[in-house]
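Written below as structure tokens is the structure these notes are about.
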Amino acid sequence: MPVRLGLIGAGRWGKVYIRTLLSLPDRCRLTHLCTSKPENAALIPHPVTIVPGWRELIAADCDAVIIATPPQTHAELLEACVKAGKPCVVEKPLCFDVATAERLDRLVQAAGIPVLVDHTHVLTSAYETLKRTVKQAGEPVRMVATPVQLSKTPARIRSMAPELGQHSEEVLLEAGYSQDEIESLRAAGVMGPGR
């Protein structure tokens, strides 16, 4: 029997999860969807229960939860999933500070609930080196090949390039913008609606 999954968020990344889940019908089935746009249910060709809020989805009759919401919600939603005994996948970043990450790690370890956090290269040493190099150059750096070689295995493109603005929020957070400042930019139409 396929694993019954609930998805919180049907923005850019939520739609990626929907496409992926639809390609694995023998293994998993999206049964519950929490979205601010109920019309997103049309993306799923089989019946799905639209749930009005994330608390209802976590309490719903599904086996596991995927969290694909704006980054500032991830820690709270993960904590709720773990306390409810629901395994989950949570989009990156998990949270914005070490203390919260350590607290969540202790919670997950104590509960013994499977949790997978998607990753991002923003927190890797290779990314830090790239940022430092660009800053020292003082001008745009043109990349004509894979920017970082991590092994002797030749680099190759394994997925499509990100959508325009897909990582704007992460980049702005890394640059020191607050969540309120980012929301102001979004409200002014400077950047897209986000996830």
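The values are calculated or read from the model by the stated rules, or taken from the named source; none is laboratory data. From a predicted model like this one, the values you see are computed outputs, not experimental measurements. FYI the Cβ positions are ideal-geometry reconstructions off the backbone, even for glycines, and counts take in every protein chain you see.
Here are some notes:
- Residue that is surrounded by the most Cβ atoms within 10 Å (Cβ to Cβ) [pool: residues in the stretch 127-146 that are of a type in the set (A, V, I, L, M, F, W, C) and modelled with pLDDT under 70]: 141
- Qualifying residue in the stretch 154-171 (condition: at pLDDT below 80, farther than 30 Å from residue 34 by Cβ and surrounded by 12 or more Cβ atoms within 10 Å (Cβ to Cβ)): yes
- Here residue 9 meets the list (1) free of Cβ contacts under 8 Å to residues at least 12 places away in the same chain; (2) at positive phi almost entirely, failing just condition (1).
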